[in-house]
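Chemist: Here it is, the structure in full.
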Amino acid sequence: MEQAVIIDVVRTPGGKRGGKLSGWHAVDLASEPLKALVERNDLDPSLIEDVIMGCVTQIGEQSVNIARNAALAAGFPESVCGTTIDRQCGSSQQAAAFAAQAIMSGSQDVVIAAGVECMTRVPLGANMSSGSGVPFGPAMTERYWERGGIVPQGISAEMIAEMWSLSREELDSYSYRSHMRAQQARAERRFDREIIAIDVKDPQGKKTGEIIDYDEGIRADTTIEKLASLKPAFTDGGMVTAGNSSQITDGASAALIMSESMANRLNLKPRARFVAFSLAGVDPITMLTGPIPATQKILSKNGFSIHDMDLIEINEAFASVVLAWEKELKPDMDKVNVNGGAISLGHPLGASGTRLLATLVNELERSGGRLGLQTMCEGGGLANATIIERL
C-alpha cells in the first residue's frame with residue numbers, strides 16, 4: 001500500500017468578520033493557498049489530479065463547486081479536477097482524509113486537500129434562509145421533536161457544559177489561555193511557515209497596498225476579568241459567551257498530499273505521513289461531543305494511548321467542547337492546542353481542518369515531536385480524528 005505523505009500545508013491569516021480579508025471574493029481567497037503550494041514546491045500543476053475542498057455554506061460566492069472554481073482561479077490547467085465537500089466544521093479535515101485515502105488506494109498520486117469560508121460575505125446559515133425550504137425535513141424533525149428538535153450549536157455547548165459540570169470560570173480560563181498561547185506563538189513567529197501573506201482589499205475588491213500576515217482574532221490584551229464580564233450569548237443565565245466560543249472568521253487553507261513514490265520521483269521531501277483516520281457519530285442535539293468517541297476509536301483501533309501523542313490539535317468550537325473531551329480522555333493539556341485555537345485564531349468553518357493540520361505539522365517540526373492527533377466536532381453530531389507522523 002502506498003504511503004500518503006504531506007509535502008506542504010499552508011493557510012491564509014484568519015481575518016475577523018468585517019476585517020482585512022472581507023474584501024476578498026471566496027473563490028479568489030481559496031485560490032491563494034493553492035497557488036502558494038505550487039510556487040513553494042516548484043510543482044507542475046498539471047500533475048495535480050484533484051482539489052478536494054471543504055466549504056460549509058455553499059451558496060452565493062461559495063456555490064457551484066468552489067473547489068473547481070478556485071483551481072481555475074489559481075491558474076491551474078483545466079485538466080485539474082475539483083470537488084467540494086461538506087462535513088460541517090470538519091470539511092477540510094475530511095478533504096485531507098479523502099485525499100490520503102485516494103493515494104493509499106493507488107488511484108491517485110497528487111491531490112490537494114483544502115478549505116475555505118468567507119464568513120463576512122457568506123454568513124453562517126445563509127444557505128438555511130435562502131427561501132428554498134428547511135434542511136432537516138419532516139421525518140428527521142419528527143424523530144427529535146419530543147426532545148425539542150435540533151438546536152443551535154451554542155445551545156449544544158451550554159448542554160455540554162452542564163453535562164460535564166463545567167463552570168463559567170473554567171470556560172473563561174481556558175479561553176484566556178488560548179489567547180495567551182496564540183499571542184506567544186505569534187511573538188515567537190511560530191506561524192511563519194504556515195501563514196501566507198495576503199493583500200488587503202477594499203469592499204470593491206481593489207488592493208489597498210496593505211499586506212496581512214497575522215491572525216486578526218488574537219486578543220493579546222484580554223484578561224480573565226474582561227472575559228468574565230461578557231454576557232451569555234445563547235441563553236439567559238448561561239455560561240457560553242462570545243469570549244469562550246470560536247470566532248467568526250474569513251480564511252482558506254490547503255495541503256499538498258501525494259504518494260511517497262511520487263514525492264521521490266519529484267525529489268520532494270515529505271514533512272509528515274498519515275497514520276490513521278476515524279469518524280464518530282453522536283446525538284445531533286448535543287452534537288458537539290463527537291471528538292470524544294472519535295479520539296477513543298482512533299487510539300484503540302491503532303494501538304495507541306492518548307499519552308503516545310506528542311501534540312494534539314482539537315478544534316476550539318467552544319471551550320466546553322475541549323474541556324468535556326479533556327475530562328473523558330485525560331490528556332496532558334500542555335500538549336493540546338499549544339499555539340492557541342479557534343477561540344483566539346478564528347474558525348473559518350470549511351478551512352479549519354487543514355488549518356489545524358498546518359499548525360500540527362509545523363509545531364511537530366518545531367518541537368521535535370513525532371506523533372500528532374487532530375480532531376474536531378461537526379454540526380449534526382459528527383467528528384473526525386486523524387493521526388499523523390512527522391518524517
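Chemist: Select from region 26-58 the residues that are assigned to a loop (DSSP other than H, G, I, E, B) and either among the polar types (S, T, N, Q) or at pLDDT below 95 (or both) and write down the one among them that is surrounded by the fewest Cβ atoms within 10 Å (Cβ to Cβ).
Modeler: First pass over region 26-58, keeping only residues assigned to a loop (DSSP other than H, G, I, E, B): 41-44, 48-49, 55-58.
Within this subset, residues satisfying the condition of being either among the polar types (S, T, N, Q) or at pLDDT below 95 (or both) are 41, 57-58.
Details: Asn41: 14, Thr57: 23, Gln58: 19.
Among residues in region 26-58 that are assigned to a loop (DSSP other than H, G, I, E, B) and either among the polar types (S, T, N, Q) or at pLDDT below 95 (or both), the one surrounded by the fewest Cβ atoms within 10 Å (Cβ to Cβ) is Asn41.
Chemist: Here's a follow-up. Could you please give the count of residues in region 253-262 that are surrounded by 24 or more Cβ atoms within 10 Å (Cβ to Cβ) and over 24 Å from Val322 (Cβ atoms)?
Modeler: Initial filter on region 253-262 (surrounded by 24 or more Cβ atoms within 10 Å (Cβ to Cβ)): 253-258.
Those left that are additionally over 24 Å from Val322 (Cβ atoms): 254, 256-258.
Counting residues in region 253-262 that are surrounded by 24 or more Cβ atoms within 10 Å (Cβ to Cβ) and over 24 Å from Val322 (Cβ atoms) gives 4.
Chemist: Here is a follow-up. Looking at Ile224, is it closer than 22 Å to Thr354 by Cα and either surrounded by 13 or more Cβ atoms within 10 Å (Cβ to Cβ) or of a type in the set (A, V, I, L, M) (or both)? Can you show your working first?
Modeler: Numbers: closer than 22 Å to Thr354 by Cα: no; either surrounded by 13 or more Cβ atoms within 10 Å (Cβ to Cβ) or of a type in the set (A, V, I, L, M) (or both): yes.
No: the conditions fail for Ile224.
Chemist: Quick one: how many residues across region 155-175 are under 20 Å from the mean Cα position of the chain (by Cα) and either farther than 15 Å from Pro284 by Cβ or without any contact (Cβ under 8 Å) to a residue 40 or more places away in the chain (or both)?
Modeler: Residues meeting the conditions: 2.
Chemist: What pairs can you find where one residue is in region 6-17 and under 16 Å from Ser31 (Cβ atoms), the other is at pLDDT below 95, and their Cβ atoms are less than 9 Å apart, with a gap of 6+ or different chains?
Modeler: Pairs that qualify, where the first residue is under 16 Å from Ser31 (Cβ atoms) and the partner is at pLDDT below 95: there are none.
Chemist: Of all residues in region 184-211, which are assigned to a strand (DSSP E or B), among the hydrophobic types (A, V, I, L, M, F, W, C) and touching a residue at least 40 places away in the same chain (Cβ under 8 Å)?
Modeler: Taking region 184-211 as the starting set, the residues that turn out to be assigned to a strand (DSSP E or B) are 195, 198-201, 207-211.
Okay, now just the ones that are also among the hydrophobic types (A, V, I, L, M, F, W, C), so 195, 198, 200, 211.
Ile195, Ile198, Val200, listed by residue number.
Chemist: When you look at Ile218, is it in a loop (DSSP other than H, G, I, E, B), over 30 Å from Asp192 (Cα atoms), β-branched (Val, Ile, Thr) and within 24 Å of the chain's Cα centre (by Cα), yes or no? I'd like the intermediate steps shown before the answer.
Modeler: Values: in a loop (DSSP other than H, G, I, E, B): yes; over 30 Å from Asp192 (Cα atoms): no; β-branched (Val, Ile, Thr): yes; within 24 Å of the chain's Cα centre (by Cα): yes.
Spelling it out, it is not the case that Ile218 is in a loop (DSSP other than H, G, I, E, B), over 30 Å from Asp192 (Cα atoms), β-branched (Val, Ile, Thr) and within 24 Å of the chain's Cα centre (by Cα).
Chemist: Here's something else I'd like to know. Could you tell me whether Glu78 is outside any strand (DSSP E or B), in contact with a strand residue (DSSP E or B) (Cβ under 6 Å, 6 or more places away or on another chain), surrounded by fewer than 22 Cβ atoms within 10 Å (Cβ to Cβ) and of a type outside the set (Phe, Trp, Tyr)?
Modeler: Numbers: outside any strand (DSSP E or B): yes; in contact with a strand residue (DSSP E or B) (Cβ under 6 Å, 6 or more places away or on another chain): no; surrounded by fewer than 22 Cβ atoms within 10 Å (Cβ to Cβ): yes; of a type outside the set (Phe, Trp, Tyr): yes.
So Glu78 does not fit the description; no.
Chemist: Somewhere in region 274-283, is a residue small (Gly, Ala, Ser), assigned to a loop (DSSP other than H, G, I, E, B) and surrounded by fewer than 18 Cβ atoms within 10 Å (Cβ to Cβ)?
Modeler: Of all residues in region 274-283, those small (Gly, Ala, Ser) come to 276, 278, 280-281.
Subsequent filtering for residues that are assigned to a loop (DSSP other than H, G, I, E, B) retains none.
Within region 274-283 (the criterion being small (Gly, Ala, Ser), assigned to a loop (DSSP other than H, G, I, E, B) and surrounded by fewer than 18 Cβ atoms within 10 Å (Cβ to Cβ)), the answer is no, since none of the residues qualifies.
Chemist: Just wondering, is there one or more residues in region 255-266 that are of a type in the set (Ser, Thr, Tyr), farther than 17 Å from Ala383 by Cα and within 18 Å of the chain's Cα centre (by Cα)? Break it down stepwise before answering.
Modeler: Pass one, region 255-266, residues of a type in the set (Ser, Thr, Tyr): 259, 261.
When the remaining residues are screened for being farther than 17 Å from Ala383 by Cα, the result is 259, 261.
Checking which are within 18 Å of the chain's Cα centre (by Cα) leaves us with none.
No; the residues of region 255-266 include none that is of a type in the set (Ser, Thr, Tyr), farther than 17 Å from Ala383 by Cα and within 18 Å of the chain's Cα centre (by Cα).
Chemist: From Ala126, Ala114, which residue is touching a Gly at 6+ places or on another chain (Cβ under 8 Å) and modelled with pLDDT under 95? Walk me through how you get there before you give the answer.
Modeler: Values: Ala114 fails: modelled with pLDDT under 95.
Of the residues listed, the single one that is touching a Gly at 6+ places or on another chain (Cβ under 8 Å) and modelled with pLDDT under 95 is Ala126.
Chemist: Counting only residues that are within 19 Å of the chain's Cα centre (by Cα) and either of a type in the set (A, V, I, L, M, F, W, C) or assigned to a helix (DSSP H, G or I) (or both), which one in region 327-338 is surrounded by the fewest Cβ atoms within 10 Å (Cβ to Cβ)?
Modeler: Residues of region 327-338 that are within 19 Å of the chain's Cα centre (by Cα), as a first pass: 335-338.
Subset that is either of a type in the set (A, V, I, L, M, F, W, C) or assigned to a helix (DSSP H, G or I) (or both): 335-336, 338.
Values: Lys335: 19, Val336: 21, Val338: 22.
Only one residue fits best here, namely Lys335.
Chemist: Here is a follow-up. Test Lys301 against the stated conditions and say whether it is over 28 Å from Gly251 (Cα atoms), of a type outside the set (Phe, Trp, Tyr), modelled with pLDDT of 95 or more and over 16 Å from the mean Cα position of the chain (by Cα).
Modeler: Numbers: over 28 Å from Gly251 (Cα atoms): yes; of a type outside the set (Phe, Trp, Tyr): yes; modelled with pLDDT of 95 or more: yes; over 16 Å from the mean Cα position of the chain (by Cα): yes.
Yes; evaluated as a whole, the condition is true for this residue.
Chemist: Does Met140 qualify as being surrounded by fewer than 17 Cβ atoms within 10 Å (Cβ to Cβ) and at negative phi?
Modeler: On the way: surrounded by fewer than 17 Cβ atoms within 10 Å (Cβ to Cβ): yes; at negative phi: yes.
For Met140, the condition - surrounded by fewer than 17 Cβ atoms within 10 Å (Cβ to Cβ) and at negative phi - is met.
Chemist: Can I ask one more? Run down Ser344, Ser352, Ser320 and say which single residue is over 19 Å from Phe191 (Cβ atoms), of a type in the set (S, T, N, Q) and at pLDDT 95 or above. Let's see the steps before the verdict.
Modeler: Values: Ser344 fails: over 19 Å from Phe191 (Cβ atoms); Ser352 fails: over 19 Å from Phe191 (Cβ atoms).
Going through Ser344, Ser352, Ser320 in turn, just one is over 19 Å from Phe191 (Cβ atoms), of a type in the set (S, T, N, Q) and at pLDDT 95 or above: Ser320.
Chemist: Among residues belonging to region 299-326 that are in a helix (DSSP H, G or I) and touching a strand residue (DSSP E or B) at 6+ places or on another chain (Cβ under 7 Å), point out the one that is surrounded by the most Cβ atoms within 10 Å (Cβ to Cβ). Steps first, please.
Modeler: Taking region 299-326 as the starting set, the residues that turn out to be in a helix (DSSP H, G or I) are 299-301, 306-308, 319-326.
Retained after the next criterion (residues that are touching a strand residue (DSSP E or B) at 6+ places or on another chain (Cβ under 7 Å)): 301, 308, 321-322, 325.
Values: Lys301: 11, Asp308: 13, Val321: 30, Val322: 26, Trp325: 26.
Top of the filtered list is Val321.
Chemist: Quick test for you: out of Gly125, Gly133, pick the one residue that is closer than 21 Å to Ser245 by Cβ and surrounded by fewer than 14 Cβ atoms within 10 Å (Cβ to Cβ).
Modeler: Values: Gly133 fails: closer than 21 Å to Ser245 by Cβ.
Sole residue among the options that is closer than 21 Å to Ser245 by Cβ and surrounded by fewer than 14 Cβ atoms within 10 Å (Cβ to Cβ): Gly125.
Chemist: Related question: If only one of Gly125, Gly137 is within 30 Å of Arg68 (Cα to Cα), among the small types (Gly, Ala, Ser) and without any contact (Cβ under 8 Å) to a residue 60 or more places away in the chain, which one is it? Steps first, please.
Modeler: Working: Gly125 fails: without any contact (Cβ under 8 Å) to a residue 60 or more places away in the chain.
Every option except Gly137 fails the conditions.
Chemist: Also: Test Glu378 against the criterion of being closer than 23 Å to Val240 by Cα, among the charged types (D, E, K, R) and free of Cβ contacts under 8 Å to residues at least 60 places away in the same chain, and give yes or no. Show your work before the answer.
Modeler: Numbers: closer than 23 Å to Val240 by Cα: yes; among the charged types (D, E, K, R): yes; free of Cβ contacts under 8 Å to residues at least 60 places away in the same chain: no.
No.
The values are calculated or read from the model by the stated rules, or taken from the named source; none is laboratory data. All figures in this text were calculated on a predicted structure; none of them were measured in a lab. Glycine also receives a Cβ, built like all others from the backbone with ideal geometry; neighbour counts cover every protein chain displayed.
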